[in-house]
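Please read the structure below before turning to the comments.
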Amino acid sequence: MSVAAAQDLVERIWARDPTVWTDAGEEKWLGWLDEPKRMQERAAELRAFADDARTRFDTFVLLGMGGSSLAPEVLKRTFGAKNLHVVDTTHPALLRHAAESLDLATTMFVVSSKSGSTLETRSHFDYYWEQAGGNGHQFVAVTDPGSELEDVAHERGMRTFAGEPTIGGRYSALSPFGLVPAALMGIDLERLLEGAVQMADACRGDNGPGLQLGLRMGEAWRAGRDKVCIAETEGRFGLWAEQLIAESTGKQGKGLVPAPGESADGPDRQSAEVELADPYGIGAEFFRWEFAVAVAGSILEINPFDQPNVQAAKDKTKEVLASGDDPQLDAEGSLDELLASAEPPNYVAIQAFIDPMREPELEPLISRARETGCVVTHGLGPRYLHSTGQLHKGGPPTGLFVQVVDDTGDEIPIPGQDFGFGRLIRAQAEGDFRSLRELGRKIVRVRL
C-alpha cells in the first residue's frame with residue numbers, strides 16, 4: 001500500500017468512516033479509539049473502589065465470558081496476580097474446585113457482561129448469589145447502561161460500573177471490562193493507560209504500529225497465508241488476541257485463523273510478534289492489536305465489529321435444553337479418518353468441553369494433530385464459543401473439528417432453572433456439534 005493510501009486509510013478510520021469496511025454501521029462501534037483517554041478520567045475512581053475492596057476482601061472472582069473474561073485472564077497471567085480468579089466455564093468440576101478453595105465470606109464477585117443477558121454469566125451469578133447468602137456488598141456488576149444485569153444489580157444493592165455502548169466485547173480490554181478487574185489486582189491503571197494513550201497517538205500516523213501490523217496481516221492473507229501464528233507469551237496474550245482476530249475477521253467464508261504458539265513455518269502461515277518489554281506494555285499492545293485488526297478487516301472487506309454466526313450455537317443450545325433431552329455425548333465419527341484427510345490449508349480445531357484442570361491432558365492429541373502438517377488450534381468450551389466460534393462457522397471452510405468431552409460428575413443445580421451446570425455444558429457441546437455439522441464442517445467427538 002502506498003504511503004498516501006495508508007495515510008488516507010488511517011485518517012478515515014479516525015474520522016469514523018464506515019466505508020473503510022462495508023458501510024454497514026461500523027461507525028457505531030468505534031468507541032474503543034478514544035477509550036484509553038476516557039478511562040484516564042475514570043482511573044482515580046476505579047483505584048479508590050479497588051483500594052477499599054482490597055481492605056474488605058482477600059479474593060476476587062470474575063464471572064464473565066469472551067470479551068468480559070479474556071482480557072482479565074491475560075492481565076492476571078501477565079502480572080502474576082494471585083487474588084483474582086476468572087470463571088468462564090459451565091463445567092461443574094470448576095465449581096467443585098472453587099468450593100474447595102474459596103472462602104465465600106472474604107470473596108467479592110465481579111459479574112461482567114456487556115449485554116447483561118449472557119446465559120453462562122447469569123447462571124454463575126445466580127449460583128454464587130445463593131451460595132454467598134445474597135449480600136449485595138459482595139457483588140459488583142460491570143455492564144452496559146440499560147442492560148438487564150444493570151436492573152438486577154440495582155435491585156440487589158450492588159455497585160455497578162457502566163461500559164461504553166459503542167465498544168463491542170472483543171474491543172473492551174481498555175474499558176471497565178478490563179480495568180475494573182485490573183484495579184482489583186492492584187495494577188497501576190494510570191501507568192497502563194499512559195502506554196495505551198501513547199499507542200493510540202502513534203496509530204494516527206501513516207507509519208503507525210497498528211497500521212503496520214494490520215497491513216502485514218491483511219497482505220499475507222491476500223497471499224494465501226491466513227493462519228496467524230502468534231508468538232506465545234508467559235501471560236498467554238494469544239488467548240485475548242485469538243478472540244479479537246477470529247471474531248472480527250472470520251465471516252463471509254473468509255478470515256484470519258489465529259494460532260497462538262504455533263510455528264510460522266508453512267505455506268499458509270504468517271508470524272505475528274507480541275511486543276511486551278514489561279507487563280505494563282500490555283496496555284499499548286491491546287490498542288496496537290485492536291487497530292491492526294480494524295485495518296486487516298478493511299483489506300478483507302468485512303465488518304470487523306459484528307458476529308453474525310455466534311447466535312447459531314446459542315440457538316442450538318436453547319433447542320437442546322428446551323427439548324428436555326440430556327445429551328450423553330457419546331464418541332462420534334473417526335478421529336483417524338479425520339486426521340488422515342487433513343492437509344494445509346486445513347486447520348485442526350480441538351474444542352474441549354472438559355474440566356479446565358485437565359487441559360494438559362489434551363497435549364497428546366494436539367501433538368498428533370500437528371503431525372498432519374496443519375496448524376492446530378485448541379480452546380476450552382464454552383469459552384471458545386464466545387471467542388473463535390464465529391470463525392469456525394463463518395470463516396473459511398477449512399477447519400476440521402475435534403470435540404473432546406469428559407464426565408461432568410454430580411450435577412450442580414442452577415437457581416431458577418430446570419437444568420443444572422452439567423446439563424448446560426452438555427447442551428452447549430451438543431449444540432455446537434450440530435451447528436457445525438449442519439454447515440457441512442467435518443467434526444468428530446472423542447471422550448477424554
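The values are calculated or read from the model by the stated rules, or taken from the named source; none is laboratory data. Predicted model only: the values in this text are computed from it and were never measured. Glycine gets a Cβ as well: all are built from the backbone with ideal geometry, and neighbour counts include every protein chain shown. For accessibility, only protein heavy atoms count, side chains too; no ligands or nucleic acids. Shrake-Rupley method; radii C 1.70, N 1.55, O 1.52, S 1.80 Å.
Enter the mean projected area of the convex hull around the alpha-carbon atoms of region 213-281, in nm², rounded to one decimal.
Details: hull surface 19.0 nm².
For region 213-281, the mean projected area of the Cα convex hull comes to 4.7 nm².
Cβ under 11 Å from Ala220's Cβ, Ala220 left aside: what net charge do those residues give with Lys, Arg +1 and Asp, Glu -1? Show your work: numbers first, answer last.
On the way: positive: Arg216, Arg222, Arg225, Lys227, Arg269; negative: Glu219, Asp226, Asp268.
Combined, the nearby Lys, Arg, Asp and Glu give +2.
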Relative contact order [Cα under 8 Å, 6+ residues apart], the chain, whole percent
18 percent
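Note the full-extension length gain between Val3 and Arg96 as 0.36 nm times their separation in residues minus their Cα-Cα distance, in nm to one decimal. Mind dumping the intermediate values first?
Working: separation 93, 0.36 × 93 = 33.48 nm, distance 5.64 nm.
So the extension gain works out to 27.8 nm.
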Residue span Glu411 to Ala277: 0.36 nm per residue of separation minus Cα-Cα distance leaves a gain in nm of 43.7 nm
Past 23 Å, Cα to Cα: identify those pairs from Lys28/Lys314; Lys393/Lys442; Lys37/Lys254; Lys254/Lys318, in the order given.
Lys28/Lys314; Lys37/Lys254; Lys254/Lys318
Report the Stokes-Einstein translational diffusion coefficient (µm² s⁻¹, integer) for region 88-188, Rh taken as the Kirkwood radius over Cα pairs, at 20 °C with viscosity 1.002 mPa s.
151 µm²/s
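With the Cα gyration tensor of region 392-448 in hand, give its eigenvalues times 5 under a square root as the equivalent ellipsoid semi-axes, listed largest first in whole angstrom.
Numbers: eigenvalues 144, 37, 9 Å².
One finds semi-axes of 27, 14, 7 Å for region 392-448.
In terms of the Cα gyration tensor, with a ≥ b ≥ c the square roots of its eigenvalues, is the chain rounded because a/c is under 1.5, prolate because a/b exceeds b/c, or oblate? Don't jump to the answer; show the numbers that get you there.
Working: a/c = 1.66, a/b = 1.05, b/c = 1.59.
Verdict is oblate for the chain.
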Kindly work out what percent of the DSSP beta bridges joining two residues of region 304-448 are antiparallel, to the nearest 5.
10 percent
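Above 14 angstrom, tally the Cα pairs of region 150-212 and express them as a % of all pairs, no decimals. The partial results should precede the final answer.
On the way: 1343 of 1953 pairs.
Counting pairs separated by more than 14 Å, the tail of P(r) holds 69 percent.
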Compute the Rg to Rh ratio over region 255-404 from the alpha carbon atoms, using the Kirkwood formula for Rh, and round to two decimal places.
0.98
Is region 41-154 rounded, prolate or oblate when judged by the Cα gyration tensor, a ≥ b ≥ c being the square roots of its eigenvalues, rounded requiring a/c under 1.5 and prolate requiring a/b larger than b/c?
rounded
Could you tell me what percent of the accessible area of region 316-448 is made up of carbon and sulfur, with a 1.4 Å probe and every protein chain present?
48 percent
Quick one: net charge around Gly116, please, counting Lys, Arg +1 and Asp, Glu -1 for every other residue with C-beta under 11 Å from its C-beta.
-2
Going toward the positive end of the dipole of region 26-172, with +1 on Lys and Arg Cβ and -1 on Asp and Glu Cβ, which of Phe79, Val61, Gly157 do you reach last?
Phe79
Just the number, please: percent antiparallel of the DSSP beta bridges in the chain, rounded to the nearest 5.
5 percent
What residue among Ser248, Ala259, Ile230 has its Cα farthest toward the positive end of the dipole of region 219-264, where the charges are +1 on Lys, Arg and -1 on Asp, Glu, each on the Cβ?
Ser248
Could you give the spread of the C-alpha atoms of region 229-327 along their three principal axes, from largest to smallest, in whole angstroms?
52, 31, 29
Cα-centred dipole magnitude for the chain, charges only on beta-carbon of K, R (+1) and D, E (-1), debye, nearest 20:
320 debye
Would you calculate the separation in nanometres between label points at Ser115 and Ser263, each defined as 7 Å from the Cα along the Cα-to-beta-carbon direction?
4.0 nm
Checking His124, His85, His137 against a Gaussian network model of the chain (alpha-carbon springs below 10 Å), the top fluctuating residue turns out to be His137
